[in-house]
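One structure is given below, encoded as structure tokens.
The values are calculated or read from the model by the stated rules, or taken from the named source; none is laboratory data. This structure is a prediction, so every number in the text was calculated from the model and none was measured. Cβ atoms come from the backbone with ideal geometry, glycine included; neighbour counts cover every protein chain shown.
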Ligand code: FES
């Protein structure tokens, strides 16, 4: 079956993205271990993996939705909700936890007015937890996109976030 013929969408932008994803599915279909690759590329194109898109991918690959959803929920780098422009990750590995990582989470939750796993209303930040980001010697640490901030205290957060 031609995947492109199944494309369904409600607006031009979404339609174009579904077309791109359909092309990727056609390219990878039938190849060993292709599901993760397809999901990864689909997330790059669409920004996240909503249920409709998971259904589209499952149908196109003749796989049950449960298999696709199972992979999406298993790997933390897949997201089922729209993500913010920047991702803040507070480390809660052992060293950071012991040295105050939890206080950073509490302060960020009140500064951003969201809980862990959520995105701010203005779409600027997605807030997540990490499990060691390789800066244990200078804990507690946080990461914003690819930048690591070490020895962070709650009162340093304002000036760090103001850069974004
Ligand atoms: S535990 Fe936080 S950087 Fe390693």
Against the conditions (1) touching a helix residue (DSSP H, G or I) at 6+ places or on another chain (Cβ under 7 Å); (2) closer than 20 Å to residue 158 by Cβ, where does residue 126 fall short? Just the number, please. (1)
Near pairs, Cβ below 6 angstrom, 6+ apart or cross-chain, from region 99-111 (at positive phi) to any residue that is surrounded by 14 or more Cβ atoms within 10 Å (Cβ to Cβ) and not in a helix (DSSP H, G or I): 100/140
From the list 44, 55, exactly one residue is in a helix (DSSP H, G or I) and modelled with pLDDT under 95. Which is it? 44
Residues of region 90-114 being in a loop (DSSP other than H, G, I, E, B), within 12 Å of residue 128 (Cα to Cα) and more than 11 Å from the ligand (Cβ to nearest atom), which ones? 114
The residue from 83, 99, 89 that alone is under 30 Å from residue 32 (Cα atoms) and either modelled with pLDDT under 95 or out of contact with any helix residue (DSSP H, G or I) (no Cβ under 9 Å at 6 or more places or on another chain) (or both) is 83
Considering only region 121-142, how many residues are away from the ligand (no atom under 16 Å from the Cβ), within 15 Å of the chain's Cα centre (by Cα) and either surrounded by 21 or more Cβ atoms within 10 Å (Cβ to Cβ) or at pLDDT below 95 (or both)? 4
Going by the conditions given, is residue 148 part of a strand (DSSP E or B), within 14 Å of residue 90 (Cβ to Cβ) and either near the ligand (Cβ under 8 Å from one of its atoms) or over 14 Å from the mean Cα position of the chain (by Cα) (or both)? yes
Of the conditions (1) farther than 27 Å from residue 15 by Cβ; (2) out of contact with any strand residue (DSSP E or B) (no Cβ under 9 Å at 6 or more places or on another chain), residue 131 clears all except one; give me its number. (2)
